[in-house]
Amino acid sequence: MKRLILLAILLLSSSAIMAQNYIVVNSEKIFKSIAAYNQALTSLDELAKQYQSQVDSRFAAVEQLYNNYVAQKAMLSATARQTREEAILAKEKEAQQFQESLFGNEGALMKKRLELIQPIQQRVFAAIEAYAKQVGADMVIDSSNNPTLLYNNAKIDRTQQVIETLK
């Protein structure tokens, strides 16, 4: 009796697994096939370099203030040292806030990234969803940068078909 129940469970679970239709796509390859995405990445890289040079110049100014302070420290009174130290700390804090305003989660670079990349992502994800519905897939697995995907058969990889759908 136990063998019969075990056999029935095995048959039901294997048929349920076989009934699921899934496809594999490589979203990274899809995104890289879109010229607008590549242009957006280039633009964001250039903007990040500009922002980084602005941040670097602010921190260089702080370092210059500190170096001047260290060189003159012996000649300064206690109140003058205190004033200079506070000024240096305030300038450093200002530089850190400026850096956060550019590179933080709510910073200018993140806002620009959302502005440029998000519409492309929405278009790609909509194309993947439309293709999956068209071929009757129950699930889509993304194989890009997935360390847990150990193997996938090339027969189920539909990356190229999604790229063609986008064009």
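The values are calculated or read from the model by the stated rules, or taken from the named source; none is laboratory data. Please read all numbers here as calculations on a predicted model, not as lab measurements. Cβ sites come from the backbone with ideal geometry, for glycine too, and all protein chains shown count toward neighbours. Heavy atoms of the whole protein, side chains included, go into the accessibility calculation; ligands, DNA and RNA do not. Shrake-Rupley method; radii C 1.70, N 1.55, O 1.52, S 1.80 Å.
Charged neighbours of A87, selected by a Cβ distance under 15 Å, balance to +1 (K, R count +1; D, E count -1). Counting only protein chain heavy atoms and rolling a 1.4 Å probe, the accessible areas of L166, L116 rank, largest first, as L116, L166. Assign one of three labels to the range 77-163, namely rounded, prolate or oblate, based on the Cα gyration tensor with a ≥ b ≥ c the square roots of its eigenvalues; rounded applies when a/c is under 1.5, prolate when it is not and a/b is larger than b/c, and oblate otherwise. Prolate. The H on the amide N of V24, modeled in the peptide plane, is under 5 Å from the matching H of I141, D157, R158, each at least 5 residues off or on a different chain.
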